[in-house]
Amino acid sequence: MAVYTEVSAEEIESFAADYGLGEVLSFKGIAEGVENSNYVLQTESGSYILTLYEKRVDAADLPFFLGLMEHLAGRGIDCPVPLHGQDGKALRQLCGRPAALVTFLEGLWPRRIQTFHCAALGGAMARMHLAGADFQLRRENALSVAGWRPLLDACQDRADEVRPGLAEALQRELDHLEADWPGDLPAGVIHADLFPDNVFFRHEKLTGLIDFYFACNDFFAYDLAICLNAWCFEQDKAFNVTKARQMLQSYSRERPFSREELAALPLLARGSALRFLLTRLYDWLNHPEGAFVKPKDPMEYWHKLKFHQEVRGPGAYGLDL
């Protein structure tokens, strides 16, 4: 369960009183998520999400995350909106943690990915990229190519416990990505973590994007590469080119690709696979005994990486140059 900081009813009521939302009728911890403690609050004025930001989130980044959500919502993107207290502040303190209250989005994340989910996501992602174009704050992507070497170094000595030969294979892959990583693709604010559990639907309609706590400035096509990995592989590890094509085509109708972006997709998909493999590998090898959250299997992304290593062009994802 992803509630690392327990909050009492009295503390919740005192915190909510600063927003003028009326009486707190109920609150409940949310089991999903791995970075922060989250509660859903039901008050006389409606439902809200309370987030306490844990130690893995740099408090200096919170004005970027909260400001971005307000900015995107103001430009028509369906995402949570931070509430401001009666003192005008959106970022506050609760139980010794930075905390914020945001609006509640209706919908459920898809447990079984269908083609229409991928199509809806592609369009929504493009609109988000366009809406963030005039956002004034900036945050570098600490988990892009420059951040992978320290992660690999931290896992190097024990990586072969997960798979024999894994350490050497990851070294070769990172050497290749560092040498060939592009430097001049179209860029702006990206979400960087649009996994299915961060995208809500009601029936076939996408109702919102949540969890902007990895958002940063990076290549737009890298955001797409993350989603190709997160949405377009089946349970049997096969890549579903129809889902990929629907995602990419829907994206391009809102924001057309450059030829350079399409050509770079295979390399960016490899980079995305390595990024999540390394962060999962680190968590797998450094999982505290008795921790609430079970670490995710890094080898899921090993199989995805192996697929992309064999790709020779964007045609494998359903679009040609």
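The values are calculated or read from the model by the stated rules, or taken from the named source; none is laboratory data. On a predicted model such as this, the values are computed, not experimentally measured, just so you know. Cβ atoms come from the backbone with ideal geometry, glycine included; neighbour counts cover every protein chain shown.
Are any of the residues in the stretch 153-166 out of contact with any Lys or Arg (no Cβ under 9 Å at 6 or more places or on another chain), in the same structural domain as ASP223 (by TED's automatic domain parsing) and within 19 Å of TYR222 (Cβ to Cβ)?
Our first condition is that a residue be out of contact with any Lys or Arg (no Cβ under 9 Å at 6 or more places or on another chain); within the stretch 153-166, this holds for 153-166.
Then keep just the ones that are in the same structural domain as ASP223 (by TED's automatic domain parsing); that gives 153-166.
From what is left, the residues that are within 19 Å of TYR222 (Cβ to Cβ) are none.
No.
Could you run through the stretch 18-37 and say how many residues are modelled with pLDDT of 90 or more and not basic (Lys, Arg)? So that I can check it myself, show each step before the final result.
First, the residues of the stretch 18-37 that are modelled with pLDDT of 90 or more: 18-28.
Checking which are not basic (Lys, Arg) leaves us with 18-27.
Number of matching residues: 10.
Are there any pairs with C-beta distances below 6 angstrom linking a residue in the stretch 114-143 that is touching a residue at least 24 places away in the same chain (Cβ under 8 Å) and buried (at least 17 other Cβ atoms within 10 Å of the Cβ) to a residue that is part of a loop (DSSP other than H, G, I, E, B) and among the β-branched types (Val, Ile, Thr), with the two at least 6 apart or on different chains, and if so which?
Going by the 6 Å Cβ cut-off, the qualifying pairs are MET128/ILE77; ALA131/ILE77.
Within the stretch 128-135, is there a residue that is among the aromatic types (Phe, Trp, Tyr) and in contact with a helix residue (DSSP H, G or I) (Cβ under 7 Å, 6 or more places away or on another chain)?
At the first step, the residues of the stretch 128-135 found to be among the aromatic types (Phe, Trp, Tyr) are 135.
Those still in the list that are in contact with a helix residue (DSSP H, G or I) (Cβ under 7 Å, 6 or more places away or on another chain) too: 135.
Within the stretch 128-135, one or more residues are among the aromatic types (Phe, Trp, Tyr) and in contact with a helix residue (DSSP H, G or I) (Cβ under 7 Å, 6 or more places away or on another chain).
Please state which of the following conditions ARG255 fails to meet, knowing it meets all the rest: (1) of a type in the set (Lys, Arg); (2) exposed (fewer than 14 other Cβ atoms within 10 Å of the Cβ); (3) on the phi < 0 side of the Ramachandran plot.
If we test ARG255 against (1) of a type in the set (Lys, Arg); (2) exposed (fewer than 14 other Cβ atoms within 10 Å of the Cβ); (3) on the phi < 0 side of the Ramachandran plot, just (2) comes out false.
Could you tell me which residue of the stretch 298-317 is nearest to LEU143 (Cα to Cα), considering only residues that are modelled with pLDDT of 95 or more and not in a helix (DSSP H, G or I)?
Looking at residues that are modelled with pLDDT of 95 or more and not in a helix (DSSP H, G or I), I get PRO298.
For the stretch 201-239: of the residues being of a type in the set (S, T, N, Q) and in contact (Cβ under 8 Å) with a residue 24 or more places away in the chain, which is farthest from ALA131 (Cα to Cα)?
Residues of the stretch 201-239 that are of a type in the set (S, T, N, Q), as a first pass: 207, 217, 229, 235.
Checking the rest, the ones that are also in contact (Cβ under 8 Å) with a residue 24 or more places away in the chain come to 207, 217, 229.
Working: THR207: 17, ASN217: 13, ASN229: 24 Å.
Among those residues, the one meeting the criterion is ASN229.
Quick check: is even one residue across the stretch 265-288 crowded, with 23+ Cβ neighbours inside 10 Å, modelled with pLDDT of 95 or more, touching a strand residue (DSSP E or B) at 6+ places or on another chain (Cβ under 9 Å) and in a helix (DSSP H, G or I)? Even if it seems obvious, please write down each step before you answer.
Kept after step one, since they are crowded, with 23+ Cβ neighbours inside 10 Å, are these residues of the stretch 265-288: 265, 268-275, 277-278, 281.
Now drop any that are not modelled with pLDDT of 95 or more, which leaves 265, 268-275, 277-278, 281.
Checking the rest, the ones that are also touching a strand residue (DSSP E or B) at 6+ places or on another chain (Cβ under 9 Å) come to 268.
From the residues that got through so far, the ones that are in a helix (DSSP H, G or I) too are 268.
Within the stretch 265-288, one or more residues are crowded, with 23+ Cβ neighbours inside 10 Å, modelled with pLDDT of 95 or more, touching a strand residue (DSSP E or B) at 6+ places or on another chain (Cβ under 9 Å) and in a helix (DSSP H, G or I).
What number of residues within the stretch 1-30 satisfy the criterion of being β-branched (Val, Ile, Thr) and assigned to a helix (DSSP H, G or I)? Working first, answer last.
Restricting attention to the stretch 1-30, the residues satisfying the condition of being β-branched (Val, Ile, Thr) are 3, 5, 7, 12, 24, 30.
This time we only want the ones that are assigned to a helix (DSSP H, G or I), so: 12.
Of the residues in that region, 1 qualify.
Looking only at the stretch 241-259, filter to residues that are over 21 Å from the mean Cα position of the chain (by Cα) and not in a helix (DSSP H, G or I); which one of those is farthest from PHE116 (Cα to Cα)?
SER258
Starting from the stretch 174-194, take each residue that is under 26 Å from ASP134 (Cα atoms) and list its partners that are of a type in the set (S, T, N, Q) and modelled with pLDDT under 95, counting only C-beta distances under 6 angstrom and pairs at least six apart or across chains.
Close Cβ pairs (under 6 Å, with a partner that is of a type in the set (S, T, N, Q) and modelled with pLDDT under 95) do not exist here.
Determine, yes or no, whether SER144 is modelled with pLDDT of 95 or more and among the polar types (S, T, N, Q). Explain how you work it out, then say what you get.
Details: modelled with pLDDT of 95 or more: yes; among the polar types (S, T, N, Q): yes.
When the stated conditions are applied, SER144 passes them.
Which numbered condition trips up PHE212, out of (1) outside any loop (DSSP other than H, G, I, E, B); (2) under 26 Å from GLU35 (Cα atoms); (3) of a type in the set (A, V, I, L, M, F, W, C)?
Among (1) outside any loop (DSSP other than H, G, I, E, B); (2) under 26 Å from GLU35 (Cα atoms); (3) of a type in the set (A, V, I, L, M, F, W, C), the lone unmet condition for PHE212 is (1).
Do any residues in the stretch 73-96 that are farther than 16 Å from LEU52 by Cα have Cβ atoms under 8 Å from those of residues that are part of a loop (DSSP other than H, G, I, E, B) and of a type in the set (Asp, Glu), where the two are at least six apart or on different chains, and which pairs are they?
That search, which allows pairs on different chains as well, returns GLN86/ASP18; ASP87/ASP18.
Restricting the search to the stretch 52-66, which residues are assigned to a helix (DSSP H, G or I) and either loosely packed, with under 15 Cβ neighbours inside 10 Å or more than 17 Å from the chain's Cα centre (by Cα) (or both)? Spell out the reasoning first.
Filtering the stretch 52-66 for residues assigned to a helix (DSSP H, G or I) gives 59-66.
Passing the criteria: ALA59, ALA60, PRO63.
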